[in-house]
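Chemist: Sending over a structure as structure tokens; questions will come in a sec.
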Amino acid sequence: MKRILHPALLAAALLALPVSLPARAVQPDEVLPDPALESRARAISQELRCLVCQNQSIDDSNAPLARDLRVLVRDRLKAGDSDTRVMEYVTDRYGDYVLLRPPFKATTLVLWAGPFAVLLFGAIGTFLFLRGRRGVAAGTDTAPLSADERRRLDALLRKDD
């Protein structure tokens with residue numbers, strides 16, 4: 001028996017989809033009354049990494065440290081700091097790692113070059129592994145038979161015939 005999804009159920013599921021998407025972590029008590037300042041705070045928060053989650057911005061994270069950083073950003077903006085000065089303040093305190101897009105400089109070279117180095121070492125390792133296996137399959141890693149071994153092999157082969 002073939003079951004068909006009722007159109008009303010399909011419509012309800014599609015309407016519920018946006019509700020199931022991840023919500024922003026900013027709490028109502030964090031929101032600034034000035035929409036321009038709040039917009040700046042949200043833009044800055046989306047550029048800062050949650051140091052607990054590491055793959056989320058502080059704008060998306062529910063971690064207590066992310067909340068503290070969001071409040072810190074808003075406090076700095078209320079104090080009159082520019083967006084650049086707020087970012088400098090946070091990076092002075094937590095380092096370049098707090099930035100989701102760290103600058104390219106000597107201290108962040110590992111962040112930028114690390115993935116390429118891992119890929120390079122992986123490719124070299126794969127090449128060497130496959131090259132070694134090809135040598136084993138071709139029999140290049142075995143020593144030639146001695147005269148005595150050759151005679152015994154010939155005798156065994158003649159016996160089977």
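The values are calculated or read from the model by the stated rules, or taken from the named source; none is laboratory data. The structure displayed is predicted, hence computed values, not measured ones. When we count neighbours, we look across all protein chains shown, and the Cβ atoms used for this are built from the backbone with ideal geometry, even at glycine.
Chemist: Might you check whether a residue that is charged (D, E, K, R), modelled with pLDDT under 75 and surrounded by 11 or more Cβ atoms within 10 Å (Cβ to Cβ) occurs anywhere in the stretch 12-25?
Modeler: Of the residues in the stretch 12-25, the ones charged (D, E, K, R) are 24.
Remaining after also requiring modelled with pLDDT under 75: 24.
Of the ones still in play, those that are also surrounded by 11 or more Cβ atoms within 10 Å (Cβ to Cβ) are 24.
Yes, the stretch 12-25 has at least one match.
Chemist: Can Asp92 be described as within 28 Å of Gln46 (Cβ to Cβ), more than 22 Å from the chain's Cα centre (by Cα) and either surrounded by 10 or more Cβ atoms within 10 Å (Cβ to Cβ) or modelled with pLDDT of 90 or more (or both)? Spell out how you get there, then give the answer.
Modeler: Details: within 28 Å of Gln46 (Cβ to Cβ): yes; more than 22 Å from the chain's Cα centre (by Cα): yes; either surrounded by 10 or more Cβ atoms within 10 Å (Cβ to Cβ) or modelled with pLDDT of 90 or more (or both): yes.
It is true that Asp92 is within 28 Å of Gln46 (Cβ to Cβ), more than 22 Å from the chain's Cα centre (by Cα) and either surrounded by 10 or more Cβ atoms within 10 Å (Cβ to Cβ) or modelled with pLDDT of 90 or more (or both).
Chemist: Follow-up question, since we're still on this one. Among (1) within 27 Å of Leu111 (Cβ to Cβ); (2) assigned to a helix (DSSP H, G or I); (3) over 26 Å from the mean Cα position of the chain (by Cα), where does Asp68 come up short?
Modeler: (3)
Chemist: Something else now. Looking at Tyr97, is it assigned to a helix (DSSP H, G or I), more than 15 Å from the chain's Cα centre (by Cα) and within 25 Å of Arg40 (Cβ to Cβ)? Don't jump to the end; show me each part of the working.
Modeler: Values: assigned to a helix (DSSP H, G or I): yes; more than 15 Å from the chain's Cα centre (by Cα): no; within 25 Å of Arg40 (Cβ to Cβ): yes.
For Tyr97, the condition - assigned to a helix (DSSP H, G or I), more than 15 Å from the chain's Cα centre (by Cα) and within 25 Å of Arg40 (Cβ to Cβ) - is not met.
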